[in-house]
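Comments concern the structure below.
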Amino acid sequence: MGARVTALAIKPEEPNHKVEVSVAGDEKPRQFDHVITTLPFGCLRNVDTSGCFFHGICKQLSALLDMNARQRLPSSSLGVGGNKTI
């Protein structure tokens, strides 16, 4: 607990399809039979999920989060009706 997860990967070549969790500061990834992540999607997009089979889904969720965040900003911060840009 309290560790910074840097990567998640599914290892189908391992018996029972182990899940590897890479943690900042650890030399080797930790292996588990099951992993339940409770990371908010905004944080999950900072974790390397390229070793998982849901990489495309994470990209789509990340894009939706970005779009949702832009919709919440006042129009002046997006350069609409003013000269501010982000």
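Annotation: the residues THR37, THR49, sorted from fewest to most other C-beta atoms within 10 Å of their own C-beta, follow the order THR37, THR49. The slack in the chain from ALA24 to THR38, taken as 0.36 nm per residue of separation less the alpha-carbon distance, amounts to 3.3 nm.
Bear in mind that the values in this text are calculations on the coordinates, not laboratory data. Keep in mind that this is a model prediction, so the values were computed, not measured. All Cβ positions, even for glycine, are placed from backbone atoms using ideal geometry, and neighbour counts span all protein chains on display.
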